[in-house]
Amino acid sequence: MQINLQIFENGASVSYAVAELIKEKVKATPDGQFLTIAVSGGTTPRLLFELLGNEYEKSIDWKKVRIFWVDERCVNPTDRESNFGMTYDAFLQKSIVPGENIFRMRGEEIPEFEAERYRELLRKELPARFGYPVFDLILLGMGNDGHTASIFPGDLSLIDSELAVAATQNPYTQQKRITLTGNTINNANQIVFIITGESKSQLIKEIIQNAPQAKYYPAAHIVNPKGKVDFYIDKAAATKL
Ligand code: 6PG
């Protein structure tokens, strides 16, 4: 596995770097085609979304971008916990991205049915490779326990699931979740972890140095078909490296 590690001053500079990456990828997308991005929730990407809605409103041709979700908490879209809700507040409500280019996971539906609907939607909207949908870019976060998407350490079977999208739950809060599985994430052309803060520095060190315990962390099982994964982190998250 080849980890492309990029260390930036702080969360804002990490967000700028990811925004620039998106801008370059949209530029490289031929007219008539789309750049498909799956985004994560949690707190880390909020800065990026705000930046995209402000400074990158004009410099990115948003008509060419289609936005999907890596995972969703099974709550209403207006709930404070909703990943879509956070992205909407920070960015999408500005209507820069055309509504028909936004493909949210419906957290308010019955999780198993919604996972099935989303699998079908991805089958229809995206190209396939090895039997799984192919995203151009997947943006991931990592929890303090090494989880990514809604794939938690106790459920590593979701890394190699035959389903492209699954219903699951957060083992700490029992909150139901819908998530892309590892085979779908690992099928993307590019995968970028956005990680900030010192609390994650020990885990990052173990993953990058391939420590024996890293095998229990879902985040350590993420790699694209070319064997590559990008880590965009801030100095605080790099303190143990
Ligand atoms: C979610 C996620 C999750 C998240 C990590 C990091 O819905 O909770 O998509 O995988 O990316 O938990 O979350 P923070 O950015 O809040 O640390």
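Taking the residues in the range 179-200 that are assigned to a helix (DSSP H, G or I) and within 13 Å of the ligand (Cβ to nearest atom) as candidates, determine which candidate is surrounded by the fewest Cβ atoms within 10 Å (Cβ to Cβ).
Within the range 179-200, the match that is surrounded by the fewest Cβ atoms within 10 Å (Cβ to Cβ) is S199.
Filter the range 72-96 down to the residues that are in a loop (DSSP other than H, G, I, E, B) and surrounded by fewer than 20 Cβ atoms within 10 Å (Cβ to Cβ) and list them by number.
V75, N76, P77, T78, D79, R80, E81, S95, I96, listed by residue number.
Within the range 69-101, track down each residue that is of a type in the set (K, R) and either within 11 Å of the ligand (Cβ to nearest atom) or within 18 Å of the chain's Cα centre (by Cα) (or both).
R73
Return yes or no: is K240 part of a loop (DSSP other than H, G, I, E, B) and touching a helix residue (DSSP H, G or I) at 6+ places or on another chain (Cβ under 8 Å)?
yes
Which residues, taken from the range 102-138, are buried (at least 18 other Cβ atoms within 10 Å of the Cβ) and either in contact with a Leu (Cβ under 8 Å, 6 or more places away or on another chain) or in a helix (DSSP H, G or I) (or both)?
Scanning the range 102-138 gives P111, E114, A115, Y118, R119, L122, P133, F135, D136, L137, I138.
In the range 143-176, how many residues are in contact with a His (Cβ under 9 Å, 6 or more places away or on another chain) and at positive phi?
Here the count works out to 0.
Could you list all residues from the range 202-216 that are touching a Leu at 6+ places or on another chain (Cβ under 8 Å) and either within 13 Å of the ligand (Cβ to nearest atom) or at pLDDT below 95 (or both)?
Within the range 202-216, just I204 meets the criteria.
What is the number of the single condition among (1) within 13 Å of the ligand (Cβ to nearest atom); (2) touching a strand residue (DSSP E or B) at 6+ places or on another chain (Cβ under 7 Å); (3) over 21 Å from V18 (Cα atoms) that E112 does not meet?
(1) is the only condition that E112 fails.
Can you run down the residue pairs with Cβ atoms below 6 Å, 6 or more apart or on separate chains, where the first is in the range 19-46 and modelled with pLDDT of 95 or more and the partner is acidic (D, E)?
Pairs that qualify, where the first residue is modelled with pLDDT of 95 or more and the partner is acidic (D, E), are V26/D61; L35/D136; T36/D136.
If I go through the range 115-148 residue by residue, how many of them are away from the ligand (no atom under 16 Å from the Cβ), modelled with pLDDT of 95 or more and of a type outside the set (V, I, T)?
Number satisfying all stated conditions: 17.
In the range 159-178, which residues are crowded, with 23+ Cβ neighbours inside 10 Å and more than 12 Å from the ligand (Cβ to nearest atom)?
Answer for the range 159-178, where residues must be crowded, with 23+ Cβ neighbours inside 10 Å and more than 12 Å from the ligand (Cβ to nearest atom): V165, A166.
With (1) closer than 19 Å to K228 by Cβ; (2) in a loop (DSSP other than H, G, I, E, B); (3) in contact (Cβ under 8 Å) with a residue 60 or more places away in the chain as the list, and G146 as the residue in question, which single condition is left unmet?
(1)
The values are calculated or read from the model by the stated rules, or taken from the named source; none is laboratory data. Computed from a prediction, not measured in an experiment: that's the story for all the values here. Every residue, glycine among them, receives a Cβ derived from its backbone with ideal geometry; neighbour counts consider all protein chains shown.
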